[in-house]
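Take a look at the structure set out below.
The values are calculated or read from the model by the stated rules, or taken from the named source; none is laboratory data. Note that the structure is predicted; figures quoted are calculated from it, not measured. Virtual Cβ from ideal backbone geometry, glycine too; neighbours counted across all protein chains shown.
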Amino acid sequence: MDLRNLSTISVLSDAVTICEFQGIKIVRVIHDTAEAGISLHGGHLVWYKPAGEKDIIWLSEKAEFATTKAIRGGIPVCWPWFGKAGTPSHGFARTSEWALQEHRENENGVIVALELEDSEASRTIWPHKFHNQIIFEIGAELKVHLTSTNTDAHPWSFSGALHTYFDIADIQAVEITGMGDTYQDSTQAGKVCEGGDILTFAAETDRVYTAPANPVVIHDKPNERQIQVNNQGHNAAVIWNPWQELSISMGDMADNSYETMVCVESTIHGDGVELSPGESHTLSTLISVKR
C-alpha cells in the first residue's frame with residue numbers, strides 16, 4: 001500500500017501537509033532528508049523513507065484505515081499496556097485520535113509532536129488521568145519518543161511498546177543480533193529460553209528478549225543494509241514474525257506478508273513503570289540504516 005500520493009487538505013509548511021485517507025487525517029512530511037506519514041488515528045507512523053533509501057517501515061497492503069481499528073504495520077503505540085494484559089489488546093492509544101501539537105523543520109529534518117489526554121471514554125477503559133506526547137524526529141535517522149505523564153492525584157502503572165514493523169527483503173535471509181540470549185517464548189506460553197547471538201527465522205517467532213543490547217541490528221542481507229535499532233526507557237525487546245499460518249488467519253495481512261516484515265519493538269514489559277502524580281517516563285526508539 002502506497003499512501004504517498006494522497007490529496008492535500010491543508011498546507012502547514014513547505015515540508016508538512018495534512019492529508020486524508022478513508023476519513024483518517026495523515027500528517028505527510030516531504031523533506032530533502034526523508035519522507036514520512038503519521039496518522040492522527042493512533043498517533044501512528046505509517047511510513048518512513050530516508051532520501052536515497054528503500055522503505056524502512058513496513059505497512060500491510062491490506063491495512064485497514066478505520067477509526068475503530070488499529071493499523072497493521074508502521075509503528076503502532078501500544079499503551080497503557082502491552083499484549084493481552086487488558087482489553088483491548090495492546091491498549092487504547094493505538095485506536096485513539098491524537099492531536100497535532102506542533103511541527104517545526106530545519107535543514108536536518110522535521111519534528112512533529114502529537115498529544116493524547118485522558119477522556120471520559122478512556123477512563124471507562126483505564127480509570128486514570130494522563131498526558132501522552134509522541135515526538136517524531138524525521139530525517140536521515142528516525143527518532144520516536146513517547147512521554148507519558150501522570151496528571152492524576154494518585155500513582156498508576158503502565159506498560160507498552162513502540163511496535164515497529166520493519167520492511168525487509170526476505171525473512172529467511174535476515175539475521176538479527178544484539179537482542180541478548182534470554183527470552184520468553186510466547187509460542188511456548190512464555191517459557192524462559194536461552195538463545196544464541198544470531199537470530200534467524202524458519203517458523204513463527206514471538207519472543208520477549210529481557211536483556212537486549214543497543215543497538216539491536218537487523219541484517220537485511222538481500223538489501224545490503226543493516227537497520228540499527230537503539231531503544232531507551234525499555235526493559236525488553238520484542239521480536240515477532242507471524243509466519244504463514246498466522247498471516248493467513250489475519251484479515252489485514254496478505255497470506256505471504258510475513259516474508260517481507262519483522263517487528264523489533266521497544267517494550268515496557270511485565271509489571272511496567274509506576275508514575276507518581278506529576279512524574280513522566282519516556283520510551284524511545286532510534287532507527288538508522290548502515291551500509
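Per the listing 171, 198, the residue uniquely within 19 Å of residue 257 (Cα to Cα) and of a type in the set (A, V, I, L, M) is 171. Taking residue 171 as the residue in question, decide whether it is closer than 26 Å to residue 77 by Cα, touching a strand residue (DSSP E or B) at 6+ places or on another chain (Cβ under 7 Å) and crowded, with 22+ Cβ neighbours inside 10 Å. The answer is no for residue 171. If you check 233, 278 for being out of contact with any strand residue (DSSP E or B) (no Cβ under 6 Å at 6 or more places or on another chain), more than 16 Å from residue 171 (Cα to Cα) and at pLDDT 95 or above, only one passes: 278. Can you spot a residue in segment 223-230 that is farther than 15 Å from residue 290 by Cβ and modelled with pLDDT of 95 or more? No, every residue in segment 223-230 fails to be farther than 15 Å from residue 290 by Cβ and modelled with pLDDT of 95 or more.
For segment 193-206, the set of residues classified as in a strand (DSSP E or B), out of contact with any Ser or Thr (no Cβ under 7 Å at 6 or more places or on another chain) and not hydroxyl-bearing (Ser, Thr, Tyr) consists of 193, 199, listed by residue number. Of all residues in segment 230-278, exactly one satisfies the criterion of being touching a Phe, Trp or Tyr at 6+ places or on another chain (Cβ under 9 Å), free of Cβ contacts under 8 Å to residues at least 60 places away in the same chain, outside any strand (DSSP E or B) and among the small types (Gly, Ala, Ser), namely 247. Among (1) buried (at least 18 other Cβ atoms within 10 Å of the Cβ); (2) in contact (Cβ under 8 Å) with a residue 40 or more places away in the chain; (3) assigned to a strand (DSSP E or B), which single condition is residue 157 missing? Every condition holds for residue 157 apart from (1).
Matching residues to (1) of a type in the set (S, T, N, Q); (2) in contact with a His (Cβ under 9 Å, 6 or more places away or on another chain); (3) exposed (fewer than 14 other Cβ atoms within 10 Å of the Cβ):
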position: 194; (1), (2), (3): no, no, yes
position: 227; (1), (2), (3): no, yes, no
position: 245; (1), (2), (3): no, no, yes
position: 259; (1), (2), (3): no, no, no
position: 268; (1), (2), (3): no, yes, no
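Pairing each residue of segment 1-18 that is at pLDDT 95 or above and assigned to a loop (DSSP other than H, G, I, E, B) with any residue that is surrounded by 16 or more Cβ atoms within 10 Å (Cβ to Cβ) and of a type outside the set (A, V, I, L, M, F, W, C), provided the two are 6+ apart or on different chains, yields C-beta distances under 7 Å for 12/103; 13/103; 13/105; 15/31; 15/105. The set of residues from segment 41-87 being out of contact with any Leu (no Cβ under 8 Å at 6 or more places or on another chain), of a type in the set (Gly, Ala, Ser) and under 20 Å from residue 20 (Cα atoms) comprises 42, 60, 63, 66, 70.
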